[in-house]
Amino acid sequence: MDFNLRGAVIQNITGHNQEQLEHTILDAIQSGEEKMLPGLGVLFEVLWQEASENEKNEILETLEQGLKPHQQQ
């Protein structure tokens, strides 16, 4: 069985407005379910592909800062 997860996620959220997209993101994060991670990954891929170089740098800086508390000491 060949299943295109990326395509399914894109198809499922295409046409959603900002409020619906935010709800999808918050629901995925708050549920804490591992099965939601691929969908968030697809959303991140769309974000990255649409971002300018400056926006990509901001994303990377935000990720770096957000991961600092998780570093082992």
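Counting other Cβ atoms within 10 Å as a rough exposure proxy, the listed residues ILE29, ILE13 run ILE29, ILE13 from fewest neighbours to most. The residue among LEU60, HIS16, GLN72 whose Cα reaches farthest toward the positive pole of the charge dipole of the chain, with charges on the beta-carbon of Lys, Arg, Asp and Glu, is GLN72.
Ordering ILE29, LEU5, LEU47 by Cα displacement along the dipole of the chain toward the positive end leaves LEU5 in first place; charges were set at the Cβ atoms of Lys, Arg (+1) and Asp, Glu (-1). Charges were assigned to the Cβ only: +1 to each Lys and Arg, -1 to each Asp and Glu. The resulting dipole of the chain about its Cα centre is roughly 180 debye. In the chain, helices alone account for a calculated mean residue ellipticity at 222 nm of -22500 deg cm²/dmol, with every DSSP H run of four or more residues adding -39,500 (n - 2.57). From least to most packed, judged by other beta carbons within 10 angstrom and beginning with the fewest, LYS56, LYS68 follow the order LYS68, LYS56.
Each value in this text was obtained by applying a stated rule to the coordinates, not by laboratory testing. It should be emphasised that the depicted structure is a prediction, and the values quoted were computed from it without experimental measurement. Virtual Cβ from ideal backbone geometry, glycine too; neighbours counted across all protein chains shown.
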